[in-house]
Amino acid sequence: MDSAPIGILDSGVGGLTVARAVMDKLPGEQILYVGDTAHSPYGTKPIAYVRELAMDVMDRLAERGVKMLVIACNTASAAVLRDARERYEVDAGISVVEVIQPAARRAARTTKTGRIGIIGTEATVTSGAYLDALAAVPGLEIVQHAAPKFVEFAEAGITTGDEVLEVAREYLQPIKEADVDTLVLGCTHYPLLTGVISYVMGEDVQLVSSSESAAHDVYRRLVEEDKLRDPALGEPVPEFYVTGDERRFAPLAKRFLGPQVGEISRMEVHS
Ligand code: DGL
């Protein structure tokens, strides 16, 4: 057993979709969430800079003694995965879970035709991280497209209406044309837009949420590594930190996570 908290990090609120999925599967675990809102969004920034920012937040979480680091952001996962494994898992014994490989594995298992679509931020798509993660699977045809405005819609709570529908049709057109049967939601915000995405893609296309897939990995790793929290410690109280303005984060966080968002505190980072 290991009763230390699970550290979850994201550029802002999006990672709360991962936190939500982790809390649903593991209600006995203590969550320590950090949104790097001072530097959000990550998805439009150069990948090397995102790497610096994410490592800084992970260092802060490691200092607080977390047992696991969950990189709950596709862009950050694309930027730091290999370094994070070496720095925290190998050197410090802290398990690292990210969102790209679990989603890629699930997509490979889900597809029947071998044609997979991927949508994500500009940085995630440009990094080719999903293509790398799926490279070893033979016979796949992959088409990817950046869907940056989806982040704005999700944060504004706009999930219906002409504007979002038009943008969804534009982004998803090349993916529909490729006749995929599986679409990876390669950005933490997109689970909030499954209604419009599924409407445009059609019901025969399976949506794979990177948030949900990562939460499965968190569950599996904690069980396999015998690191679950001691139930005798009682119900955990999740902790939430931001590097920017707490007041702006609170209403958005409630939309992404629900009423369990309690007090939100400030965390200082160096970058
Ligand atoms: N969390 C980011 C991701 O999953 C989306 C928001 C951002 O660009 O920071 O890629």
Quickly estimate the mean residue ellipticity at 222 nm for the chain, helices only: each DSSP H run with n ≥ 4 gives -39500 (n - 2.57), and the total goes over all residues, rounded to 500.
-13500 deg cm²/dmol
Before I look further, what does region 1-69 give for accessible area per residue, probe 1.4 Å, in whole square angstrom?
30
Whole-percent carbon and sulfur share, accessible surface of the chain, 1.4 Å
49
Take every Cα pair under 8 Å in the chain that's 6+ residues apart, average their separations, divide by the length, and report that relative contact order as a whole percent.
28
What is the Rg over Rh value, at two decimals, for region 1-111, using alpha-carbon atoms and the Kirkwood definition of Rh?
0.95
Built amide H within the under 5 Å cut-off of TYR33, gap 5+:
ILE8, GLU239, PHE240, TYR241
If I fit a long axis through the Cα atoms of helix 210-224 and take the longest principal axis of the Cα atoms of the chain, what angle between them do I get, 0 to 90°, rounded to 10?
40
Magnitude of the charge dipole, region 47-124, Cβ model with Lys/Arg +1 and Asp/Glu -1, debye to 20:
620
Rounded to the nearest 10 degrees, what's the angle between the helix 100-110 long axis and the longest principal axis of the chain, both from Cα atoms, 0 to 90?
50
Ordering of 155-165, 218-228 by packing [mean C-beta count within 10 Å, highest first]
218-228, 155-165
Treating the beta-carbon of each Lys and Arg as +1 and of each Asp and Glu as -1, no other charges, what is the dipole magnitude of region 153-271 about its Cα centre, to the nearest 20 debye?
360
Measuring from the longest principal axis of the C-alpha atoms of the chain, the long axis of helix 16-25 (C-alpha) lies at a number of degrees, nearest 10, equal to 70
Honestly region 217-256 on the Cα gyration tensor test (a ≥ b ≥ c root eigenvalues; a/c under 1.5 rounded, otherwise a/b vs b/c for prolate or oblate) is just prolate
Candidates PRO191, PRO46, PRO102, ranked by Gaussian network fluctuation over the chain, Cα under 10 Å, top entry:
PRO46
Set Lys and Arg Cβ to +1 and Asp and Glu Cβ to -1, take the dipole of the chain about its Cα centre, and tell me which of PRO41, LEU233, ALA129 lies farthest positive.
LEU233
Accessible area per residue in Å² at 1.4 Å probe, computed on region 185-257:
49
If the convex hull is drawn through the Cα atoms of the chain, its volume per residue in Å³:
119
In terms of the Cα gyration tensor, with a ≥ b ≥ c the square roots of its eigenvalues, is region 98-250 rounded because a/c is under 1.5, prolate because a/b exceeds b/c, or oblate?
oblate
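The values are calculated or read from the model by the stated rules, or taken from the named source; none is laboratory data. Computed from a predicted structure; not experimentally measured. Every residue, glycine among them, receives a Cβ derived from its backbone with ideal geometry; neighbour counts consider all protein chains shown. Note: accessible area is taken over every heavy atom of the protein model, side chains too, but ligands, DNA and RNA are not part of it. Shrake-Rupley method; radii C 1.70, N 1.55, O 1.52, S 1.80 Å.
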